[in-house]
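Trainee: Sharing a structure with you now.
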Ligand code: TYD
């Protein structure tokens, strides 16, 4: 898959939904709706309204952030520019590719962020230091 194709770009992805009189149901299928196989699922909740989380990039990990309740902002930084996504619709997930520095903030009370991830947890995959992120980015794009 070319890194320049839209399929592999950080973006909002529409999530398939089925609603009827019984309620709603939404589904994300690996390798069909998102360009990775989900190996891990976790969720963020009870985040204090004034608190910011994230402040890291991943070396290999692909993720989809889904605001299954409430709303919050995600700032994505590719080392050249930053873009803020306001996540407030559970029918859209934010796809984040590797080597993207992210910050999550402005969590509304009771908000929940469901995360689908392409790999099992590995602290070695994290780049927490912003200058190290910029260096890794520079080397990757040489
Ligand atoms: P972290 O990814 O740093 O959270 P955030 O960037 O949202 O602030 O993870 C917080 C803590 O949880 C950290 O000590 C590692 C642990 N953790 C796991 O053990 N497994 C996981 O799958 C994740 C995502 C985190």
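Where a number appears in this text, it was derived from the coordinates with a stated rule and is not lab data. Just so we're clear, the structure is a prediction, and the values are computed from it rather than from any experiment. No Cβ is skipped: glycine too gets one built from the backbone with ideal geometry, and neighbour counts run over all protein chains shown.
Trainee: Helix 130-140 against the longest principal axis of the chain: what's the angle in degrees, Cα atoms only, rounded to the nearest 10?
Mentor: Relative to the chain, helix 130-140 is tipped by roughly 80 degrees.
Trainee: On to the next question. Most exposed first by the Cβ proxy, i.e. fewest other Cβ within 10 Å, how do 132, 124, 75 rank? Numbers along the way, then the final one.
Mentor: Numbers: 132 11, 124 6, 75 15.
Final ranking by Cβ density, sparse to dense: 124, 132, 75.
Trainee: Which order do 105, 43 fall in if you start with the one that has the fewest other Cβ atoms within 10 Å? Each step should come with its number before you reach the end.
Mentor: Working: 105 16, 43 12.
Starting with the residue having the fewest Cβ neighbours, the order is 43, 105.
Trainee: Rounded, prolate or oblate: which fits the range 1-67, taking a ≥ b ≥ c as square roots of the Cα gyration tensor eigenvalues, rounded meaning a/c under 1.5, else prolate when a/b beats b/c?
Mentor: Oblate shape, in that a/c is at least 1.5 and b/c is the bigger or equal ratio.
Trainee: Separate question: Could you tell me which of rounded, prolate or oblate describes the range 33-94, using a ≥ b ≥ c as the square roots of the eigenvalues of the alpha-carbon gyration tensor, with rounded for a/c under 1.5 and, failing that, prolate when a/b is larger than b/c and oblate otherwise?
Mentor: Here the range 33-94 falls in the rounded category.
Trainee: Can you bin the range 65-142 into rounded, prolate or oblate? Criterion: square roots of the alpha carbon gyration tensor eigenvalues sorted a ≥ b ≥ c, rounded for a/c under 1.5, prolate for a/b above b/c, oblate for the rest. Mind showing how you got there, number by number?
Mentor: On the way: a/c = 2.30, a/b = 1.75, b/c = 1.31.
Since a/c reaches 1.5 and a/b is larger than b/c, the shape of the range 65-142 is classed as prolate.
Trainee: Sticking with this structure for a sec: Extension gain residue 121-residue 14, at 0.36 nm per residue separation less the Cα-Cα distance, in nm? It would help to have the intermediate numbers written out before the result.
Mentor: Values: separation 107, 0.36 × 107 = 38.52 nm, distance 2.58 nm.
Contour length minus Cα-Cα distance gives 35.9 nm.
Trainee: Starting from the Cα-Cα distance between residue 75 and residue 135, subtract it from 0.36 nm times their residue separation and give me the gain in nm to one decimal.
Mentor: Details: separation 60, 0.36 × 60 = 21.60 nm, distance 1.94 nm.
Result for the pair: 19.7 nm of gain on full extension.
Trainee: Still on this model: Hey, with R₀ at 25 Å, roughly what FRET efficiency would residue 60 and residue 29 work out to, going by the Cβ-Cβ distance, to 0.05? Walk me through the intermediate numbers first.
Mentor: Details: r = 21 Å, r/R0 = 0.86.
That gives a FRET efficiency of 0.70.
Trainee: Please rank 128, 11, fewest neighbouring Cβ atoms within 10 Å first, as an exposure proxy. If you can, show how the numbers build up before the last one.
Mentor: Values: 128 12, 11 16.
Taking fewest neighbouring Cβ atoms as first place, the list is 128, 11.
Trainee: How much length is gained if the chain between residue 49 and residue 86 is pulled fully straight, taking 0.36 nm per residue apart and subtracting their Cα-Cα distance, in nm to one decimal?
Mentor: Details: separation 37, 0.36 × 37 = 13.32 nm, distance 1.47 nm.
Difference between extended and current length: 11.9 nm.
Trainee: Now for a separate question. If you build the Cα gyration tensor of the chain and take the root of 5 times each eigenvalue, what three semi-axes come out, in whole angstrom, biggest first?
Mentor: Details: eigenvalues 128, 70, 34 Å².
They are 25, 19, 13 Å, listed from largest to smallest.
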